Amino acid sequence: MKQVLWQGETQEQLIESLGTPADTDQKVLKTKSKEVWKYRPTGKNRFGLKVTLDDGIVVAWDVKD
C-alpha cells in the first residue's frame, strides 16, 4: 500500500497501509475505547509515529522527525 494515513481510517485499513504496530496502549472509557498505536521505534519507549484511534477509527497522529 501507499502508507497513507487519514482521519476516519479503520484499524483494518491502518494495518493494511502501515502494518502491525510495534507497540500499543489502550484505555477503555465509559463511552469509548481509546488506543494509541506506535510505529517506527527510535529508542527505548520512543516512537517516530503514534496513531490515536477512538473505537477503532483513526482520529489523530503525531510524527516525530
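Hand me the trypsin sites (Lys or Arg not before Pro) from the chain located in a DSSP loop with no more than 16 other Cβ atoms within 10 Å, in residue order please. Show your work: numbers first, answer last.
Working: sites: Lys2, Lys27, Lys30, Lys32, Lys34, Lys38, Lys44, Arg46, Lys50, Lys64; in loops: Lys2, Lys30, Lys32, Lys44, Lys64.
Passing sites in the chain are Lys2, Lys30, Lys32, Lys44, Lys64.
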Problem - Residue order, fewest to most beta carbons within 10 Å, for Glu9, Glu16 - result: Glu16, Glu9
Fill in the blank from the handout: Ratio for region 11-63, C-alpha Rg to 2.2 N^0.38 Å, reads 1.11
Handout entry: Charge dipole magnitude, Cβ of K and R +1, D and E -1 - the chain, Cα centre, debye nearest 20
Key = 320
Handout entry: Spin-label model distance (nm) - Gln3 vs Asp65, 7 Å beyond Cα toward Cβ
Key = 1.6
Exercise for the section: Of the options Val28, Ile57, Leu5, report the single residue whose Cα projects farthest towards the positive end of the charge dipole of the chain (beta-carbon charges: Lys, Arg +1; Asp, Glu -1). Expected result: Val28
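A short reminder: the numbers here are calculations on the coordinates, not readings from a lab. In this text, all values refer to a predicted model and were calculated from it rather than measured experimentally. Please note: Cβ atoms are built from the backbone with ideal geometry, for glycine as well, and neighbour counts cover all protein chains shown.
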